[in-house]
Amino acid sequence: MIQVGDAIAERVFWIDRELLKRYADASGDQNPIHQDEAFAKSVGLPDVIAHGMLTMALAGKFISDWAGGSAAVKEFSARFTKPVIVPAGNKVDLTISATVAEVDGANIRLTINATSEGVKVLGMTKALVVKS
Amino acid sequence: MLNPDSVGRTFPGAKSFPVTASEIAAFAAVIGEEDLTVAPPTFSIRISLEQSQELLSDPSVGLDWSRVVHGDQKFEILRPIVAGDVLTCSSTIENYKAVAGNEIVTVRSDLHSDGKLVVSTWSTLVVRA
């Protein structure tokens with residue numbers, strides 16, 4: 001029985017430059033701030049940053065795994081509050097957890113938390129899933 | 001600056017986007033999704049963001065895309081996208097405000113396949129001062 005307040009166990013996804021390149025190719029978002037360190041720094045960023053939408057896609061994987069697959073996700077929203085910074089030659093964590101916010105039969109609303117290196121990177125992250 | 005007259009305008013996308021199994025597979029592989037029968041929930045961004053860029057960069061709208069950062073994103077998924085869908089994407093500039101020199105624009109994109117709505121998605125974009 002799923003109840004309001006239930007926690008969904010935390011999971012860590014690892015992000016490196018190679019994943020950013022693969023996401024750029026898969027999504028069509030070739031903005032150089034996600035691949036080119038010199039360019040990223042030239043526009044005032046500390047280093048290459050991950051696509052916000054890659055972060056959201058991984059959070060989507062987290063909730064769809066819990067709910068029973070990609071087709072279970074009906075609504076999904078997030079705010080990109082802080083960038084995930086991805087230095088060369090390193091992998092950084094994206095740590096995701098969630099809490100059950102509302103239960104209406106099989107329709108379940110989740111509140112999702114996402115941090116990288118201890119910093120909250122997504123805000124107001126919510127989903128409606130139909131759990132199978 | 002965005003042309004204020006463009007707020008509320010809907011731009012019917014002229015293009016259609018056939019979804020292939022290999023596009024879904026490439027997107028799924030990045031996030032470690034093994035089920036390829038449907039697209040992952042955020043897959044439609046591949047289409048809507050390109051359309052938004054095209055629409056907002058149009059000289060009649062006048063947004064400077066080179067300074068855009070993604071503020072927030074929302075999806076309402078009526079059914080999952082599958083390989084074989086041929087999607088069209090119409091976009092509406094739903095909201096616009098200038099705050100402390102930054103411009104904040106919300107674009108709604110509706111993706112249809114075969115005349116039926118599949119996904120509605122809202123992108124809030126911030127143009128940094």
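The values are calculated or read from the model by the stated rules, or taken from the named source; none is laboratory data. The structure presented is a predicted model; accordingly, all values stated were derived computationally and were not measured. All Cβ positions, glycine included, derive from the backbone under ideal geometry; neighbour counts span all protein chains shown.
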In segment A:34-51, residues that are of a type in the set (A, V, I, L, M) and either part of a helix (DSSP H, G or I) or at the interface with another protein chain (Cβ under 9 Å from one of its Cβ atoms) (or both) total 3
Condition check for A:Thr55: more than 9 Å from every other protein chain (Cβ to nearest Cβ), touching a residue at least 60 places away in the same chain (Cβ under 8 Å), closer than 23 Å to B:Ser48 by Cβ and of a type in the set (S, T, N, Q):
yes
List the pairs whose first member sits in segment A:20-33 and is more than 9 Å from every other protein chain (Cβ to nearest Cβ), whose second member is of a type in the set (S, T, N, Q), and whose Cβ atoms are under 9 Å apart, counting only residues at least 6 apart or on separate chains?
A:Leu20/A:Gln35; A:Lys21/A:Gln35; A:Ala24/A:Gln30; A:Ala24/A:Asn31; A:Ala24/A:Gln35
In the set B:Val19, B:Val38, B:Val30, which member is free of Cβ contacts under 8 Å to residues at least 24 places away in the same chain, over 16 Å from B:Ser90 (Cβ atoms), surrounded by 18 or more Cβ atoms within 10 Å (Cβ to Cβ) and aliphatic (A, V, I, L, M)?
B:Val30
Just one listed residue, out of A:Val48, A:Val12, is in contact (Cβ under 8 Å) with a residue 12 or more places away in the chain, more than 30 Å from A:Asp104 (Cβ to Cβ) and surrounded by 21 or more Cβ atoms within 10 Å (Cβ to Cβ), and it is A:Val48
Could you identify the single residue in A:Glu117, A:Glu102, A:Glu75 that is of a type in the set (Asp, Glu) and facing another protein chain (nearest Cβ under 9 Å)?
A:Glu75
Could you list all residues from segment A:67-99 that are part of a strand (DSSP E or B) and over 14 Å from the mean Cα position of the chain (by Cα)?
A:Val73, A:Lys74, A:Glu75, A:Thr99
A:Phe80 vs (1) hydrophobic (A, V, I, L, M, F, W, C); (2) closer than 28 Å to A:Ile2 by Cβ; (3) in contact (Cβ under 8 Å) with a residue 12 or more places away in the chain; (4) facing another protein chain (nearest Cβ under 9 Å): all pass except (2)
Determine which member of the set A:Leu110, A:Leu54 is modelled with pLDDT of 95 or more, out of contact with any Pro (no Cβ under 6 Å at 6 or more places or on another chain), in a helix (DSSP H, G or I) and crowded, with 22+ Cβ neighbours inside 10 Å.
A:Leu54
A:Ile96: crowded, with 22+ Cβ neighbours inside 10 Å and in contact (Cβ under 8 Å) with a residue 60 or more places away in the chain, yes or no?
yes
Inside segment B:32-79, can you point out the residues that are facing another protein chain (nearest Cβ under 8 Å), acidic (Asp, Glu) and either in contact with a Phe, Trp or Tyr (Cβ under 7 Å, 6 or more places away or on another chain) or more than 30 Å from A:Val129 (Cα to Cα) (or both)?
B:Asp72
If I ask for residues that are without any contact (Cβ under 8 Å) to a residue 24 or more places away in the chain and surrounded by 13 or more Cβ atoms within 10 Å (Cβ to Cβ), which ones from segment A:113-132 would you list?
A:Asn113, A:Thr115
Return the only residue of B:Thr121, B:Thr88, B:Thr106 being crowded, with 22+ Cβ neighbours inside 10 Å, hydroxyl-bearing (Ser, Thr, Tyr) and under 17 Å from the mean Cα position of the chain (by Cα).
B:Thr121
